[in-house]
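Throughout, read-outs are computed from the coordinates displayed, never taken from laboratory work. For clarity, every value in this text was computed on a predicted model and none was experimentally measured. Quick reminder, even Gly has a Cβ in these numbers, built from the backbone with ideal geometry, and neighbours come from all protein chains shown.
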Amino acid sequence: MTETKQGRGFNENDEGVQEAVGEKLGEMSEKFYKLKIQLDELEDMKRTLNTEKEIVGKEIAEIMETEGMEKFTSPAGSHSLFSEVYPGIKDFDVFTDWVFKTGSIEFMQKRVNAAPVREMLKTTGACPPGIDVHTETRVRTRVNAAWKSAQIAL
């Protein structure tokens, strides 16, 4: 393999091909990071708007509760109060003992912690019984800060 300006990974072959591939990857990388910057800006805007929406929603709920209203309709839409229970585990051992003693499996979710499975695969080459894994390959990226600043300035 030969190292070029664009990075590592070219096979020893025609220099023109290497240059063309490097140029194409450079163009694709630039497009990728421009899209990433736009998405980051949209995500920031979305977070800001969601925070603002939550604040206004809480204010609406407070007023409705204070006034004893369960539902309110305006030309823009309707609002109705509802309550939802969100459980949190206080003592995992006590909870799981109860689940297994009573057979109340419906209180559990079917998820597997990936970290110990990865560790077991790495050390033993095997998965726990009843577990299957799949691998996804993605590209990990980091934007060049100077390039990003130059793009934002445009």
Between Gln38, Gln18, Gln109, find the one with the highest GNM mean-square fluctuation for the chain; connect C-alpha pairs within less than 10 Å.
Gln109
Summing +1 per Lys or Arg and -1 per Asp or Glu among the other residues with Cβ less than 15 Å from Asp132's Cβ gives +2
Report the gain in length on full extension from Ala61 to Cys127: 0.36 nm times residue separation, minus Cα-Cα distance, nm rounded to one decimal.
18.9 nm
If you build a Gaussian network model of the chain, linking Cα atoms that sit under 10 Å apart, which residue out of Met69, Met108, Met45 swings the most?
Met108
Cα lying deepest toward the dipole's positive end in the chain, options Phe82, Ala61, Phe107, charges on Cβ
Phe107
Given N residues in the chain, what is its alpha carbon radius of gyration divided by 2.2 N^0.38 Å?
1.81
Please order Phe107, Phe82, Phe72 by the number of other Cβ within 10 Å, starting at the fewest.
Phe82, Phe107, Phe72
Once you've got the GNM for the chain with C-alpha springs shorter than 10 Å, pick whichever of Ser80, Ser104, Ser29 has the biggest mean-square fluctuation.
Ser104
In the chain, taking the dipole from +1 charges on Lys and Arg beta carbons and -1 charges on Asp and Glu beta carbons about the Cα centre, the listed residue (Met120, Leu49, Phe92) farthest towards the positive end is Met120
Rounding to the nearest 10 and keeping the result within 0 to 90°, find how far the Cα-based axis of helix 114-124 lies from the longest principal axis of the chain.
50 degrees
Percent of all Cα-Cα pairs per 5 Å bin for region 63-144, counting from 0 up to the last occupied bin, reads 3, 8, 11, 10, 10, 10, 10, 10, 10, 9, 6, 3, 1
Size of charge dipole - the chain - debye, nearest 20, with Cβ of Lys, Arg +1 and Asp, Glu -1, no other charges
320 debye
Name the lysines eligible as straight-distance cross-link partners of Lys46: C-alpha to C-alpha under 21 Å, and not fewer than 8 places from it in the same chain.
Lys34, Lys36, Lys58, Lys148
Any idea what the relative contact order of the chain is, in percent, if you count C-alpha pairs under 8 Å spaced at least 6 apart?
12 percent
